[in-house]
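To start, the structure under review is shown below, and the notes come after it.
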Amino acid sequence: MLHDAIASDAERLKTQDFEHAFENFHSGRVIRKIVIDCPAFASTLWKKALEENCKIWADGHSSKVVAAFLESSSSMVRDLAKSELQPLIDTGILKTPDHKAVEK
């Protein structure tokens, strides 16, 4: 299944040797969009690659992928991630998009 293939690739550790899918401009944008639009993919990605690892990805371009879990229209996806992401938001490690600024 495509969800599993992407999630398996994303669960690789962050290294200097290659650009991770979360940090690549194009793949990061695609993954973010799929997280927002597809709860089944978001759940798979969370369980395989992000659960208990969000702090690693909460900075830089990869933070947009992480924050996408809170932007999902699915309450299941938001609830899945909220307990791990809220402390990162509270401490300023993870920035959430300002939708009002985007709308203007």
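Here, each number is a calculation from the coordinates, and none is a lab measurement. Predicted, not measured: the structure shown is a model, and the values here were computed from it. Quick reminder, even Gly has a Cβ in these numbers, built from the backbone with ideal geometry, and neighbours come from all protein chains shown.
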Note down the nm distance, to one decimal, between modelled labels 7 Å out along Cα→Cβ at MET76 and at LYS55. 3.0
GluC sites (Glu not before Pro) restricted to segment 21-99 and DSSP loop, no more than 10 other C-beta within 10 Å: GLU52
